[in-house]
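The numbers here are math on the coordinates, done by the rules we state, and not lab data. Values in this document were obtained by computation on a predicted structure and should not be read as measured data. Note: ideal-geometry Cβ built from the backbone for every residue, glycine included; neighbour counts use all protein chains shown.
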Amino acid sequence: MPLDAIFIGELGRELNERLTGMKIDRVQQPEKDTVLLVLRGNGGGARLLICFGSGSARICLTGAEYENPAQPPMFCMLLRKHLLGGRITGVTQPEGERMLLVGLTAYDDMGEAVSRTLAVELLGRNANLILVDETGRIVDAARRVDEEMSPLRQLMPGLLYRLPPKPEPGRFSGLSPLVRREMEWRGLPPERASLEGVTPTPTMLVEQGQPKDFTFLPILQYGPSVESVTYPGWSALLEAFYAEKDRVGHLKGRARSLTKLVRSAKNRTEKKLALRLQELAATADREEDKRRGDLITANIWRMKPGMASVTVEDFYEPGSPAVTVPLDPRKSPQQNAAACYKQYTKKKTAREHLTALIEENRTEADYLASIAAELDRAQTQGDLDVIRQELVQAGYVREPKGKGKRRERPAQPMRFVTSGGLEVLVGRSNLQNDELTFRIARRTDLWLHAQKLHGAHVILRCEGAEPDERSVYEAASLAAFYSEGSQAGRAAVDATQARNVKKPRGARPGMVIYTGQRTIMAEPKKDI
């Protein structure tokens with residue numbers, strides 16, 4: 001993420017204005033790479049979150065609650081000893097550095113006022129949090145670095161604290177790669193001087209409704225596919241960005257077990273399908289068995305016991321050419337003919353049975369692929385609950401046992417309103433797709449679905465009237481977004497009246513056939 005020097009400088013000024021003079025009431029370390037300072041003063045309270053994990057390094061105000069571990073980590077105990085009761089004297093940024101220094105006045109064991117500094121280094125995978133005393137020496141670091149780990153810069157208790165080494169001459173570290181690309185895209189040199197006319201603004205980049213990145217100015221290089229959304233403050237931006245990132249991360253974690261189950265079931269089904277296709281291929285010569293039996297039967301008069309083969313006229317071919325038919329010398333001519341007919345019947349019966357099983361396997365594999373697509377699209381715990389309910393009904397997941405089991409209220413379909421004021425309903429699962437299409441939708445409502453892709457059933461409520469084209473396009477955009485084509489620039493979406501959608505007998509949830517459709521090329525977008 002582009003926590004470059006300019007972004008951090010603006011963040012530091014905001015924190016300095018808000019936090020200077022506030023007292024540290026509590027110090028928590030809810031996670032290995034996260035420290036939370038609970039502050040009071042300046043007419044209220046505040047919570048300062050400091051994260052030094054790779055990929056999530058940041059310092060910002062937060063309103064989130066964190067659960068403390070039963071046993072505080074040693075680093076947390078050290079921070080409590082040195083910081084509790086202290087006051088923040090300022091938040092500064094060393095010039096051009098990707099770090100902030102939180103100055104404090106605290107108290108030593110004798111009750112004497114002493115100065116302390118929290119160095120918050122936001123250096124990507126080398127992010128760290130270091131406590132420095134009044135002499136400039138390191139009290140301790142969240143991540144200690146000895147000489148073996150880095151011959152250039154050690155971070156060990158008792159050593160003088162030194163700023164990170166400067167970049168090589170000629171390298172410019174004031175801007176992130178994102179901003180440098182933006183400057184080049186705008187035709188400006190990637191130098192800090194080129195930003196003198198830019199007013200830093202907290203900006204989140206949003207793609208397909210999901211946070212993509214953040215920076216300090218609107219980004220134009222991605223075109224209309226990525227929206228630049230401004231925030232009222234730098235902490236508010238970081239809090240919103242990482243809250244959504246953490247939410248998606250936790251959701252993926254919860255979905256992992258279901259995804260693994262569905263993937264395993266799909267793999268088993270595909271293995272069965274491959275084996276049955278091989279078995280089916282082995283029945284391809286069944287007519288040859290019947291042909292051999294017919295030729296043997298027609299020429300029994302010229303055969304003798306113990307023969308290994310017989311040469312006969314092949315009356316199946318024009319001109320009846322001579323052909324040699326192999327025989328089992330241990331069997332009589334009649335037994336050889338009967339064996340050929342038996343093999344033919346066996347292969348014919350197997351082919352009919354295998355054809356039905358193969359169709360069943362293909363249907364099941366396609367159904368499981370649709371479940372996997374639903375899991376990929378899941379955005380809330382409610383979405384996962386609906387999918388789990390579907391897997392329970394389909395027999396892939398067992399219903400939890402036990403009395404007093406709480407029944408969760410099933411999640412409702414997603415609801416949107418078009419610019420024309422028409423309601424749009426979007427299914428969260430195959431079961432809900434069926435509910436929408438065959439129970440909720442009126443016959444004259446418009447039904448939409450991404451063409452030849454797994455995805456949600458979308459209903460545009462038309463209230464018995466002809467919908468305006470803008471509303472139809474917006475509903476089509478939702479159908480494209482909530483499908484396997486969500487990452488494409490455009491997707492084909494079929495639209496027809498709900499009366500034209502039918503469910504074949506015995507079909508899996510969500511599987512339908514339809515007629516009378518028209519196809520709309522729509523941009524996958526949920527916030528259209």
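Quick notes on this structure:
- Dividing the summed helix terms, -39500 (n - 2.57) for each DSSP H run of n ≥ 4, by the number of residues in the chain produces a 222 nm estimate of -11000 deg cm²/dmol to the nearest 500.
- Packing-based ranking, highest mean first, of 143-154, 17-28, 412-423 given that Cβ atoms within 10 Å are counted: 17-28, 412-423, 143-154
- In the chain, the alpha-carbon atoms span a convex hull of 316 Å³ per residue.
- Across K304/K342; K348/K452; K245/K271; K260/K346; K348/K502, pairs whose alpha-carbon gap is larger than 29 Å: K348/K452; K245/K271; K260/K346; K348/K502
- In order along segment 132-146, the phi-based Karplus estimate (6.51 cos²θ - 1.76 cosθ + 1.60, θ = phi - 60°) of 3J(HN,Hα) comes to 10, 8, 5, 8, x, 9, 6, 6, 5, 10, 4, 10, 6, 10, 9 Hz; Gly and Pro are listed as x.
- Placing +1 on the Cβ of every Lys and Arg and -1 on the Cβ of every Asp and Glu, with nothing else charged, gives the chain a dipole about its Cα centre of roughly 2380 debye.
- DSSP beta bridges confined to the chain are antiparallel in about 100 percent of cases.
- When both segment 47-88 and segment 237-295 are represented by their alpha-carbon centers, they are found 45 Å apart.
- Positive dipole terminus of the chain, leading residue within T297, A479, V426 (C-beta point charges): T297
- Whole-Å distance, taken between Cα centres, linking segment 3-46 and segment 461-478: 48
- Selection from V120, G45, L15 lying farthest towards where the dipole of segment 5-141 points positive, charges on Cβ: G45
- In this label model, A281 and A338 are separated by 3.4 nm, measuring between points 7 Å along each Cα→Cβ vector.
- Length-normalised contact order for the chain - Cα pairs under 8 Å, 6+ apart - percent: 8
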